[in-house]
Structure formats: C-alpha cells, structure tokens
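Below: the structure, in structure tokens.
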Amino acid sequence: MTQQRATIIRGGRLAGRGQRGELADILVQGDAIAEIGPPGLAAPPDAVTIDAANRLLHPGLINAHTHGHGNLAKGMGDRWTLELLLAAGPWITGNRTLEEKYLTTYVGAVEMLLKGCTACYDLTVEFPLPSIEGLEACGRAYADAGMRAVLAPMVAELSFYESYPGLIALLPAAAQQEIERLRLAPGEATLQVMRQSMQAWKFDRDVVRPAVAPTIPHHCSDDFMRACAALAREFDVGLHSHVQESKAQVMVGLKRYGKTQTAHLQDLGLLSPSFTVAHGVWLNHDDMARLGDHGASVAHNPGSNMRLGNGLADLRAMLTRKVNVGIGTDGANCSDNLNMYESMRLASMVSKAQGPDTDRWLTTDEVFAAATEGSARALGFGGKLGRLAAGYKADIVFLDLTNVNWMPLNNVTNQLVHTEDGAAVRHVMVGGRLVVEDRRVAGVDMAALARRVESARARLAEVNVPNRALFWRVEQVVNTFCPGLAKMPYHIDRFGGGHHGHDHAAYVKPKA
Ligand SMILES: [Zn+2]
C-alpha cells in the first residue's frame, strides 16, 4: 500500500477531532499523512495533486465488529432473535467453498469501502473449525479490495444447542439426532489451527492482521477461553468475544458462573487493553467498571441490537467508566448492511431513545470519535487510524459537498452522524492509495461480481436445503426456550434508572 511519489490533496475541508470544516491541504507520503496545513502547503515538485475543492475529508470510518461470512446471508432472516440467528447458522452460512469464503468477505469489503469505511474487525466462521486456507482466502479478499482488516476466526467448543443446558432435551427426537452433525472440533484442534495460521501469516499486518475470537463465553470451556487469551498474548494480537449481548445469554451465564460473564472473564484473566466485548447490551455498571479499569473496549452495534431484539446498550454509562467504545455494524446476516454512517446515526438515536435526560445522550462528537478513534483502538490501531493528522495513516474519505446531504453545510460532525448516509462518498483513500474513485472501487467489475455472487447464492441455497429444514424443525422450540430465559427476573442498573446520579458525577457536559 505504499507509493513512491508524494500526493498533495488540495483545497478540501477537514472533519474529525477538533476539525470543523476548515480548508486545508494534506501532504501524503508513503502510506501516511506527512503534513496538514493551510491552502498552498509546500509539496515536492513531483507530487501527484488531487483537487479536493467541494470535498469534505474525514478519516475513514472503522467498523469495530462485523462478520465477513454474513454478507452472502443478507436479508435471509426477519423476525429472528440472536438465538434464532445462531440456530439458522448452518443454513445461512453452511457448506461454503473456499471461493465462497473469499466472495462473501470481498463483497463486504466492497460495500464498506463504498460507504466510507476503511478498516474493520471481522470475526469469520468456518465449520467445524477454522482452516488456514479459509483464513487466507478471507485475508486475501481484504487485501485485494485494498481495505484494512483485523481478521479473527470465530471459534468455540460447543454448538449453539449444547451451550444452552436443557435445550436439546426439548427438541423433537429426529432433530436431536440431526444436530449431532453440528458438533464442533475439539478445542485443541482449533487452537492448533489458529496457532499455525498466525505463524504462517502472509499479509502485511498494517493491512490485514490476525486476532483471536472465542465467540461467546458459554460456548467455550474456561480452559479454552484461557488458551485463547494466552494465544492472543503470545502473538500480540487482539481478543474479541460476544459478551452479554442477549438477556438469555446473561441468564445462562449467571447460572453457569454464579456471576456475570464479564466478572467471570475477569477471573479468567481475559480483560486487558487488547480485549474487545462485542455488544455489551446487558453489562451492569460493575461490568463496565471492570472493562474500563482494564482498558478494554466495547464494540457497540446499535442496528444489530435492535434488529435481534437484544435491547439498547448504555454508552453513556460505559464512557463514564472509561470503557473505550467503538462502533460497528455487526454482520449483514443480522444488520443486513455494513453502513457505518447508519451505525453512527443509530448510536446517536439509541442514546437519545432511552429517556429525556439530555446529559446522558451522546454528542455527535462522541459518536464520531467512537466510530473512528474508539474503533481504531479496539482494532489495535490506536494512534495510527481514526484522525486526519500528521503521522496517521492516509485513510481518507472524500465526501461530495455538492451532494444534497450537504445542502447546506451547517455543522460538519453533526451532519456526518445524522445526515450522511454514504450517498456523498466520492473517493476513498486507504494508505495513500485511492481505492474508490468517483464512486467506483478500483479494479472491480460490479456486473461480473454480481454474477459470481448470484451463482454462489444459488448453489448455497441448494446445498443447504437440509440445514434449512433443520432450522424450521427447531425454530419453535428455540423461540420458546430462549425468550423464556429472557423473561426471568434480572435486575440491572442500566439506563441510569435510580443510579444515574453516579453517572452525572463523572460526566462533564460539553459546551454548547
Ligand atoms: Zn457478532
């Protein structure tokens, strides 16, 4: 992603931390921003000039949580809870060829780039265990698209059914027998592949880097969780897990651990600055303090949380407790698009939907910071991505200020969060290279890509007929058992109810 000649971007308006649309020039050398200055900034005589008149330049958005495997499954579910989505996994994600693993990831990368996102944290899945070739195919998809990614195989020891004690016994006998074939590989074998994959990693780690993702704590043994954490430490990579996403998960966790999953993960020694909790909808204030005290991150996915009926996460309470918060889209199998502008808008709305106490609402500055610098830190790119500043990577989105979204331009950050929807994205630069130019992804024939995707869709629909049938055989039981768990009483001190004086104490209201 480096280039020899410098690039000078002239006459754009800047957005990001402390930037309010002022005109500036940006000098890019290699893959990074060398200097930002007032119009007329000096540049080497052979520098390539990009005219950014009528462009708003913002740091590439960073998707803190997604699933590359989900992109071929967009629109397949409607009234699905998280647990129904997990039960549908073999149907909507099963039997993928290597080419399809590449394709599903590639389509997501293309979508993210076209919608102003330049890096993501991808938890990808293979059954019954990850493979070196599979991970390489996914990594290649990002490298080919020209996008950065942290790529973690999503791993576990127990199938969805095994992870909910008592669920299997309620299934029809035929289904009980059939789910036997959904057993995952032993943890040892999975750990072995992850280790080999990281040893043989062939991508530039500034572009595509590995990470470790034990999917959901109660789908894993404690030994497996500890081994995953040890592996992440050994290779100095991130650790990512879905924690307290649904209330049903919380109830299972309380029963199994006698405490919240976060408290249990702390006991296991998993909490650290390289640990990311996906969702955290059901974190209580003590859980948030545990994460904050350990410098850990939460990847907030408001679209998915609402789509799956999991609820509304309380970001104000997390920020008050020093949790690093990033924003994500989650997979297209449960959010159906990978639009980070929409995720920012929803993050703002979700904070406001929880009550009229405006002090607890996120400001648009806070939302934009979460979707850039916060996500960057979760990805392990803190101080390298998420800002337009000298020394940061040249990951820059060029928005067209003649798009109707920007008529008029009243407030740069507010409109990035509340108005922009991706329609104004004109060019996208990653590491100093234009990977989207005039709304086209460099080197991609969209019609040919659509044909490849359609033939994959048709083949998968056919080979997954038995998995689809299995889903509909278990659907009613899963959809009674898990919501039943979620109806059990559980007091959680969230949304400020009764406790929110505590939040106010540490929260300084921003100046109007
Ligand atoms: Zn997820």
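The values are calculated or read from the model by the stated rules, or taken from the named source; none is laboratory data. What you see is a predicted model, and the numbers here were worked out from it, not measured in a lab. Note that each Cβ is placed from the backbone with ideal geometry, even for glycine, and that neighbours are counted across all protein chains shown. Accessible surface is based on the protein model in full, side chains and every heavy atom, while ligands, DNA and RNA are left aside. Shrake-Rupley method; radii C 1.70, N 1.55, O 1.52, S 1.80 Å.
Quick test for you: out of Val412, Val428, pick the one residue that is over 23 Å from Val150 (Cα atoms) and of a type in the set (A, V, I, L, M).
Result of the check over Val412, Val428: Val412.
So for region 152-169 (the condition being more than 16 Å from the ligand (Cβ to nearest atom), open to solvent by less than 50 Å² (accessible area, probe 1.4 Å), closer than 25 Å to Thr104 by Cα and within 21 Å of the chain's Cα centre (by Cα)), does at least one residue qualify? Taking every residue of region 152-169 in turn, none turns out to be more than 16 Å from the ligand (Cβ to nearest atom), open to solvent by less than 50 Å² (accessible area, probe 1.4 Å), closer than 25 Å to Thr104 by Cα and within 21 Å of the chain's Cα centre (by Cα). Among the residues of region 101-117, those that are at negative phi and open to solvent by less than 10 Å² (accessible area, probe 1.4 Å) comprise Leu103, Thr104, Thr105, Gly108, Ala109, Val110, Met112, Leu113, Cys117. Please verify whether Asp365 is modelled with pLDDT of 95 or more and within 18 Å of the chain's Cα centre (by Cα), treating the condition exactly as stated. Answer is no for this residue.
Scan region 358-405 for residues that are farther than 22 Å from Ser348 by Cβ and acidic (Asp, Glu) and jot them down. Passing the criteria: Asp395, Asp400. Evaluation of Gln244 against the conditions (1) touching a Gly at 6+ places or on another chain (Cβ under 6 Å); (2) of a type in the set (S, T, N, Q); (3) open to solvent by 10 Å² or more (accessible area, probe 1.4 Å) shows that the sole unmet condition is (3).
Looking across region 290-321, just one residue is assigned to a loop (DSSP other than H, G, I, E, B), under 15 Å from Arg79 (Cα atoms) and touching an Asp or Glu at 6+ places or on another chain (Cβ under 6 Å), and that is Asn310.
Among residues of region 253-278 that are of a type in the set (Phe, Trp, Tyr), those with a beta-carbon under 9 Å from a residue that is open to solvent by 20 Å² or more (accessible area, probe 1.4 Å) and not in a helix (DSSP H, G or I) at least six positions away or on a different chain give the pairs Phe275/His294.
Every condition in (1) of a type outside the set (A, V, I, L, M); (2) within 17 Å of the chain's Cα centre (by Cα); (3) surrounded by fewer than 21 Cβ atoms within 10 Å (Cβ to Cβ) is met by His69 except one, and the failing one is (3).
Residue-wise test of (1) away from the ligand (no atom under 14 Å from the Cβ); (2) buried (at least 24 other Cβ atoms within 10 Å of the Cβ).
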residue	(1), (2)
Asp287	yes, yes
Leu291	yes, yes
Asn305	no, yes
Leu312	yes, no
Leu315	yes, yes
Met318	yes, yes
Val325	yes, yes
Glu342	yes, no
Thr358	yes, no
